[in-house]
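Participant: A single structure is presented below for examination.
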Amino acid sequence: MRRKLILALLILTLGLNACGASSPRLKASDKARSAAEVHVALGQRYMQQGKLEIALEKLEKALKYDASYVDAHTVIAVLYERINDQRKAAEHYKRAADLAPRNGAVNNNYGAFLCRNGKLEEAEQRFSAAIADPFYKTPDVAYTNAGTCLLKTQNIDRAEHYFRKALDTNPNNSEALFHLAGLLFQKSDFLRARAFLQRFDALGVANPDALLLGHSIETGLGNTREANEYARRLRTEFPDSPQRQKLEPSTPS
């Protein structure tokens, strides 16, 4: 009995010693993460200022402090993509996803990168992973990105499915509203296309593509007055846009 008690005490002592030994390492790890966070914040600030070379230095230093810091990999991936180093951008987007395989934002970012680079099937898988994260705060963004990506494959029905899911999650997702209006216009479903574009317009985020689409929808409905109003707005608000040049020369000013 006594031997068992001594053994138990030894195990307890070893356990306490192990905890004591790991404490400094834990503190060092915390310090490294804090330093990495500071350098990532600095890197983002320099990126916003257009000082990309300095930003890269800060982000590289962040990864030297903590190579497992997901945000550092994500931000440096964005920077590499901005300076057109697609290989390094892909490396860091993937590393972030490997470190946080269930993280919605990380998978969405990686999916968007893959989509921009033509890897559409893999991108859709990443968007699905993002949507599956119950803690992801903006699943409508991943749904919308998936729909936008599928437009490149001309898979109109599946793209429409994703845009509708985005609007189920967030009825004011302007990009989903715009794309859904465009898809319905392609299907000659002008009335429903108008309804979604009106919802888009109500958000106050007008752009030349939306105004040109509105002109086309109203023309399809035979509503000359409203078509001319969209044309007027396009000429007034975006006079130098390529969309303005696409208007029929005969459209009244």
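The values are calculated or read from the model by the stated rules, or taken from the named source; none is laboratory data. This is a predicted model, so every value here is computed, not measured. With ideal geometry, Cβ positions are generated from the backbone for all residues, glycine too; neighbour counts draw on all protein chains shown.
Participant: Going through N108, N103, N155, N172 one at a time, which residue ends up being crowded, with 18+ Cβ neighbours inside 10 Å, closer than 30 Å to A202 by Cβ and of a type outside the set (A, V, I, L, M)?
Facilitator: From the options N108, N103, N155, N172, the qualifying one is N108.
Participant: Sort through Y69, Y110 and tell me the only one that's farther than 17 Å from A166 by Cα, aromatic (F, W, Y) and either modelled with pLDDT under 95 or not assigned by the TED database to the domain that holds A159 (or both).
Facilitator: Values: Y110 fails: either modelled with pLDDT under 95 or not assigned by the TED database to the domain that holds A159 (or both).
Only one candidate qualifies: Y69.
Participant: Taking the stretch 82-97 as the search range and keeping residues that are under 14 Å from A112 (Cβ atoms) and surrounded by fewer than 19 Cβ atoms within 10 Å (Cβ to Cβ), which one is farthest from the chain's Cα centre (by Cα)?
Facilitator: Among them, the one singled out is Q86.
Participant: Could you tell me how many of the residues in the stretch 201-222 are over 23 Å from the mean Cα position of the chain (by Cα), assigned to a loop (DSSP other than H, G, I, E, B) and surrounded by 15 or more Cβ atoms within 10 Å (Cβ to Cβ)?
Facilitator: Counting residues in the stretch 201-222 that are over 23 Å from the mean Cα position of the chain (by Cα), assigned to a loop (DSSP other than H, G, I, E, B) and surrounded by 15 or more Cβ atoms within 10 Å (Cβ to Cβ) gives 0.
Participant: Can you tell me which residue is nearest to A193 (Cα to Cα) among those in the stretch 132-152 that are among the β-branched types (V, I, T) and surrounded by 23 or more Cβ atoms within 10 Å (Cβ to Cβ)?
Facilitator: It comes out as T144.
Participant: Got a sec? Which helices (runs of 4 or more DSSP H) wholly within the stretch 117-198 have at least 3 residues that are of a type in the set (F, W, Y)?
Facilitator: Answer list for the stretch 117-198: none.
Participant: While we're on this one: State the number of residues belonging to the stretch 68-87 that are closer than 14 Å to A100 by Cβ and part of a loop (DSSP other than H, G, I, E, B).
Facilitator: Of the residues in the stretch 68-87, 2 are closer than 14 Å to A100 by Cβ and part of a loop (DSSP other than H, G, I, E, B).
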